[in-house]
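Just below is one structure, and these are the notes that go with it.
The values are calculated or read from the model by the stated rules, or taken from the named source; none is laboratory data. Remember, predicted model here, so these are calculated numbers, not experimental data. Note that we place each Cβ from the backbone using ideal geometry, even for glycine, and neighbour counts take in every protein chain shown.
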Amino acid sequence: MRVAEIGFEAPATLLARYGLALERVAPGTAIPGSFWGDEEAGIIGTTVYARDDTPVHSLLHEAGHLIVLPPERRSQVHTDATDSIAEEDATCYLQIVLADELPGVGRARLMADMDAWGYTFRLGSAQAWFGEDAANARLWLVEHGLLDAQGRPVFS
């Protein structure tokens, strides 16, 4: 699923709840701060960059990287947010949860897109990881005040 299919308004509103901005990049233009290049989302400071052809999972993943960081670290981010395994796991978990906040997306679709893109998990799929092997990521998000005890997002 590409951002063009859901529009920029809903993701921009979601990101704003975390003090982040979403900037739309013109078609055919390189995406600033993109780690993977091509159509993949980018991050610089508190801004997530995306084009119409950016996959929704990419936008949510890069936004998740900024969300899991303490606000004082966000301003230092350019392209690569972390080398922490705990933060990477938390980011993957959070992007799945946040998919439910976007009309027409939802976690099932997002996890299928993650698998199609090539995310790798020990249990073979995003769904298996999320349901059976991600307790550490969920706990990290709860301990950092980003999910409540029921696993719902907490907005800043």
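For the range 125-156, give me each residue that is small (Gly, Ala, Ser) and loosely packed, with under 15 Cβ neighbours inside 10 Å. Matches in the range 125-156: Gly131, Ala135, Gly145, Ala149, Gly151, Ser156. When the range 98-115 is filtered for residues that are surrounded by fewer than 21 Cβ atoms within 10 Å (Cβ to Cβ) and in a helix (DSSP H, G or I), the ones remaining, listed by number, are Gly106, Arg107, Ala108, Arg109, Ala112, Asp113, Asp115.
Scanning the range 20-57 for residues that are touching a Ser or Thr at 6+ places or on another chain (Cβ under 6 Å) and under 24 Å from Gly106 (Cα atoms) yields Leu20, Ala21, Glu23, Glu39, Glu40, Ala41, Gly42. For the range 12-59, the candidate set comprises residues that are of a type in the set (Asp, Glu) and within 23 Å of Tyr119 (Cβ to Cβ); within that set, the residue that is surrounded by the fewest Cβ atoms within 10 Å (Cβ to Cβ) is Asp38. Please verify whether Val48 is at pLDDT 95 or above, within 12 Å of the chain's Cα centre (by Cα) and β-branched (Val, Ile, Thr), treating the condition exactly as stated. It is true that Val48 is at pLDDT 95 or above, within 12 Å of the chain's Cα centre (by Cα) and β-branched (Val, Ile, Thr).
Of the residues making up the range 99-123, those that are of a type outside the set (A, V, I, L, M) and on the phi < 0 side of the Ramachandran plot are Asp100, Glu101, Pro103, Arg107, Arg109, Asp113, Asp115, Trp117, Tyr119, Thr120, Phe121, Arg122. When Thr82 is tested against (1) closer than 24 Å to Ala126 by Cα; (2) of a type in the set (Ser, Thr, Tyr); (3) modelled with pLDDT of 95 or more, only condition (3) is not met.
So in the range 77-97, with the set limited to residues that are of a type in the set (Ser, Thr, Tyr) and closer than 17 Å to Ser58 by Cβ, which one is surrounded by the fewest Cβ atoms within 10 Å (Cβ to Cβ)? If we take residues in the range 77-97 being of a type in the set (Ser, Thr, Tyr) and closer than 17 Å to Ser58 by Cβ, then Thr79 is surrounded by the fewest Cβ atoms within 10 Å (Cβ to Cβ). Residues in the range 126-156 that are assigned to a loop (DSSP other than H, G, I, E, B) and either small (Gly, Ala, Ser) or under 16 Å from Glu87 (Cβ atoms) (or both): Ala134, His144, Gly145, Leu146, Ala149, Gly151, Ser156. Across the range 44-80, the qualifying residues are those that are of a type in the set (A, V, I, L, M) and part of a helix (DSSP H, G or I), and the one among them that is nearest to Gly7 (Cα to Cα) is Val56.
Residues in the range 2-35 that are outside any helix (DSSP H, G or I) and either of a type in the set (D, E, K, R) or under 14 Å from the mean Cα position of the chain (by Cα) (or both): 10 in all.
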